[in-house]
């Protein structure tokens with residue numbers, strides 16, 4: 001069994017394992033394939049049918065398919081027109097050298113790969129990371145395909161080059177793809193479009209932003225929505241990928257950073273102004289989230 005690492009905006013740092021643009025012709029059939037990282041398939045022309053998780057997706061121009069680790073899937077091309085796409089294998093964040101593997105032997109040269117049973121077992125147990133800001137759909141048809149295609153081709157171009165600058169350009173292009181997809185999929189508040197009870201979650205977020213200085217209890221927000229605390233907490237986290245407590249803390253820390261950068265107010269006063277009475281606890285939280293004590297953050301921002 002493999003473990004799952006949630007990835008939020010704070011630790012999102014995609015690792016591109018392989019990227020290429022290819023044509024698949026009529027009669028192409030890939031049965032019950034399993035991968036051990038994530039794969040984006042972006043359609044350029046033609047059409048392919050991908051079956052996974054009990055659903056069949058017709059992938060054509062402007063379609064972005066996400067194939068997750070350890071999920072069996074089948075792909076076939078039945079039309080005369082070849083299916084051209086960009087395929088990118090990646091992890092949402094770098095899982096470290098111990099979890100890395102060569103895509104050549106595992107994916108691209110299966111007939112000649114000499115993967116031992118032990119190596120196969122290690123791949124099956126390889127941890128999987130999961131984008132946790134919102135539920136990323138298996139199939140997304142983008143509103144404007146050209147910006148996506150341009151960014152995907154930039155990823156492929158820089159993947160072929162070994163320079164550090166190219167690696168950074170590749171990561172930047174991939175992050176741009178994620179950002180554009182997020183814009184397609186979420187509201188201005190970061191709630192997935194079409195999410196059930198989005199209005200209740202939006203109202204709770206507004207309440208937290210307005211009253212972050214006060215003690216806010218889950219029961220109060222749940223009562224405001226007319227739902228049980230447990231159900232509303234689950235609904236809230238499902239909408240934005242963070243619990244009510246985590247979202248409240250994010251709001252408080254963002255305000256604290258603003259005050260540290262713009263004022264000379266004592267830490268005790270800043271802590272109290274964002275709803276945390278214990279300055280030592282405030283400092284501990286700040287360091288855990290920002291990676292440095294609040295005093296050091298203030299000095300850094302004022303240089």
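Run the simple label-point estimate for residue 121 and residue 263 please: 7 Å along Cα→C-beta, distance reported in nm.
6.0 nm
Could you give the length gained on full extension between residue 141 and residue 161, defined as 0.36 nm per residue of separation minus the Cα-Cα distance, in nm?
Details: separation 20, 0.36 × 20 = 7.20 nm, distance 2.98 nm.
Extending this stretch completely gives an extra 4.2 nm.
Angle, helix 244-262 long axis vs. longest principal axis of the chain, Cα atoms, 0 to 90°, nearest 10?
Value to nearest ten degrees: 70.
For the chain, what is the convex hull (Cα atoms) projected area averaged across all directions, in square nanometres? Spell out each step's value before the answer.
Working: hull surface 77.1 nm².
Average of the hull's projected areas for the chain equals 19.3 nm².
Can you sort 4, 178 so the residue with the fewest Cβ neighbours within 10 Å comes first? Walk me through the intermediate numbers first.
Working: 4 11, 178 18.
Arranged by neighbour count, lowest to highest, 4, 178 become 4, 178.
Take the Cα of residue 175, step 7 Å along the line toward its Cβ, and report every residue of the range 6-23 whose backbone nitrogen sits under 18 Å from that point.
Answer for this model: 7-17.
Pick out which of 49, 152, 236 has the largest mean-square fluctuation in a Gaussian network model of the chain, springs linking Cα atoms closer than 10 Å.
The residue with the greatest mean-square fluctuation here is 49.
Kindly provide log₁₀ I(q)/I(0) values, in the same order as q = 0.09, 0.14 Å⁻¹, from the Debye equation applied to equal alpha-carbon scatterers of the range 1-150.
The computed values of log10 I(q)/I(0) come out as -0.29, -0.72.
Roughly how tilted is helix 145-159, in degrees to the nearest 10 and between 0 and 90, from the longest Cα axis of the chain?
So the helix axis and the longest Cα principal axis differ by about 80 degrees.
For the range 189-236, what class follows from the C-alpha gyration tensor (a ≥ b ≥ c being the square roots of its eigenvalues): rounded when a/c is under 1.5, otherwise prolate if a/b is larger than b/c, else oblate?
Since a/c reaches 1.5 but b/c is at least a/b, the shape of the range 189-236 is classed as oblate.
Normalised by the number of residues in the range 150-303, what is the relative contact order in percent for Cα pairs under 8 Å and 6+ residues apart?
Reported as a whole number, the value is 14 percent.
Who wins for biggest fluctuation among 21, 124, 214 in a Gaussian network model of the chain, springs between alpha carbons below 10 Å?
For the chain, modelled as a Gaussian network with Cα springs under 10 Å, the answer is 214.
Report the gain in length on full extension from residue 301 to residue 95: 0.36 nm times residue separation, minus Cα-Cα distance, nm rounded to one decimal. Let's see the in-between values first.
Numbers: separation 206, 0.36 × 206 = 74.16 nm, distance 3.08 nm.
Length gained between residue 301 and residue 95: 71.1 nm.
Please state the relative contact order of the range 28-161 as a whole percent: Cα pairs under 8 Å, 6+ residues apart? Don't skip to the answer; put the middle values down first.
Numbers: 202 pairs, mean separation 38.4, N = 134.
Relative CO of the range 28-161 lands at 29 percent.
Sorted by average packing, counted as other Cβ atoms within 10 angstrom per residue and highest first, what order do 256-267, 30-41 take? Walk me through the numbers before you get to the answer.
Numbers: 256-267: 15.2, 30-41: 17.8.
Those peptides, ordered most packed to least, come out 30-41, 256-267.
Per DSSP H run of at least 4 residues, take -39500 (n - 2.57); add these up for the chain, divide by its residues and hand me the 222 nm value, nearest 500 deg cm²/dmol.
Details: 10 runs with 124 residues, N = 303.
The per-residue figure over the chain is -13000 deg cm²/dmol.
For residue 214 and residue 228 in one chain, what is 0.36 nm times their gap in residues minus the Cα-Cα distance, to one decimal in nm? Each step should come with its number before you reach the end.
Details: separation 14, 0.36 × 14 = 5.04 nm, distance 2.15 nm.
That works out to 2.9 nm of additional length.
Would you list the P(r) distribution for the range 2-66, with all Cα-Cα distances sorted into 5 Å bins from 0 and each bin expressed as a whole %?
3, 11, 20, 25, 19, 12, 7, 2, 0
What residue among 54, 226, 291 has the largest mean-square fluctuation in a Gaussian network model of the chain, using Cα springs under 10 Å?
With Cα springs under 10 Å in the chain, the top fluctuation among 54, 226, 291 is at 54.
Which shape class, rounded, prolate or oblate, goes with the range 127-286 when its Cα gyration tensor gives a ≥ b ≥ c as root eigenvalues, a/c under 1.5 marks rounded, and past that a/b bigger than b/c marks prolate? Spell out each step's value before the answer.
Numbers: a/c = 2.78, a/b = 1.45, b/c = 1.92.
It is oblate, given that a/c is not under 1.5 and a/b is not larger than b/c.
How big is the Rg/Rh ratio for the range 198-303, C-alpha atoms only, Rh by Kirkwood, two decimals?
Values: Rg = 15.1 Å, Rh = 14.6 Å.
Radius of gyration over Kirkwood radius for the range 198-303 works out to 1.04.
Given an 8 Å cut-off on Cα distances and at least 6 residues of separation, report the relative contact order of the range 137-219 as a percent.
Values: 39 pairs, mean separation 16.7, N = 83.
RCO, the range 137-219: 20 percent.
Where does helix 279-290 land angle-wise versus the long Cα axis of the chain, in degrees 0 to 90, nearest 10?
The answer is roughly 20 degrees.
No value in this document is a laboratory result; all are computed from the given coordinates. Since this is a predicted model, take the numbers as computed values, not measurements. So basically every Cβ, Gly included, is an ideal-geometry build from the backbone, and we count neighbours across all protein chains shown.
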